[in-house]
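The values are calculated or read from the model by the stated rules, or taken from the named source; none is laboratory data. Model, not experiment: these values are computed from the prediction. In this analysis, Cβ positions are derived from the backbone assuming ideal geometry, glycine residues included, and neighbour counts consider all displayed protein chains.
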């Protein structure tokens, strides 16, 4: 039996609401601590609320609540595959608090997202994981996810983004 046995009948998995923003931001910070990236978190409740619920928002979130407390989340958005000619579902962050792992909450969040992707006609459902996070990698592979070893992530942010954005977009004649 799991040391923190929680009655699954008290588990709630649902789309996030504005009232969930403080809990979501707390979980985002916990995830950043776990990933050793807390120094990169500059998000605020106001910013998160705007991005999830403001006019023109593109991101969505699910929350997992157990015993009246938010213990997990998934934040996601649509992307697009030019090869498939269809939108996809991209999972930005999945997190379940360590004390609440082992109950199937992470799997329930992923299954729910897969259903959303299927219902919305998405051609694929994808996410990234840090290469050192072997427990998560094994978990994802156990659900049928496939590593995309040949792909590398590139990112432009901060000063580099400002510099690139201010570069003239000229072509050679």
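Odds and ends about this structure:
- Residue list for the range 123-144, filter: free of Cβ contacts under 8 Å to residues at least 12 places away in the same chain, part of a loop (DSSP other than H, G, I, E, B) and over 15 Å from residue 31 (Cα atoms): 131, 144
- Which listed residue is free of Cβ contacts under 8 Å to residues at least 24 places away in the same chain, out of contact with any helix residue (DSSP H, G or I) (no Cβ under 8 Å at 6 or more places or on another chain) and surrounded by 12 or more Cβ atoms within 10 Å (Cβ to Cβ), from 115, 155, 101: 101
Residues are listed down the side, and each one gets a yes or a no for (1) over 19 Å from residue 139 (Cα atoms); (2) surrounded by 13 or more Cβ atoms within 10 Å (Cβ to Cβ); (3) in contact with a strand residue (DSSP E or B) (Cβ under 8 Å, 6 or more places away or on another chain):
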position	(1), (2), (3)
25	yes, yes, no
29	yes, yes, no
32	yes, yes, no
48	yes, yes, no
69	yes, no, no
78	yes, yes, yes
86	yes, yes, yes
105	no, yes, yes
125	no, yes, yes
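Residue by residue, here is whether (1) without any contact (Cβ under 8 Å) to a residue 40 or more places away in the chain; (2) farther than 17 Å from residue 118 by Cβ holds:
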{"site": "57", "(1), (2)": "yes, yes"}
{"site": "60", "(1), (2)": "no, no"}
{"site": "64", "(1), (2)": "no, yes"}
{"site": "70", "(1), (2)": "no, yes"}
{"site": "74", "(1), (2)": "yes, no"}
{"site": "78", "(1), (2)": "no, no"}
{"site": "87", "(1), (2)": "yes, no"}
{"site": "91", "(1), (2)": "yes, no"}
{"site": "96", "(1), (2)": "yes, yes"}
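- Hits in the range 41-67 - residues which are within 14 Å of the chain's Cα centre (by Cα) and outside any loop (DSSP other than H, G, I, E, B): 48, 51, 52, 59, 60, 61, 62, 63, 64
- Residue in the range 32-40 that is touching a residue at least 24 places away in the same chain (Cβ under 8 Å), within 21 Å of residue 126 (Cβ to Cβ), within 17 Å of the chain's Cα centre (by Cα) and assigned to a strand (DSSP E or B) present: no
- All positions within the range 111-122 that are assigned to a helix (DSSP H, G or I) and in contact with a strand residue (DSSP E or B) (Cβ under 8 Å, 6 or more places away or on another chain): 112, 113, 114, 116, 117
- Members of the range 72-89 that are under 20 Å from residue 20 (Cβ atoms) and either out of contact with any helix residue (DSSP H, G or I) (no Cβ under 7 Å at 6 or more places or on another chain) or modelled with pLDDT under 95 (or both): 75, 77
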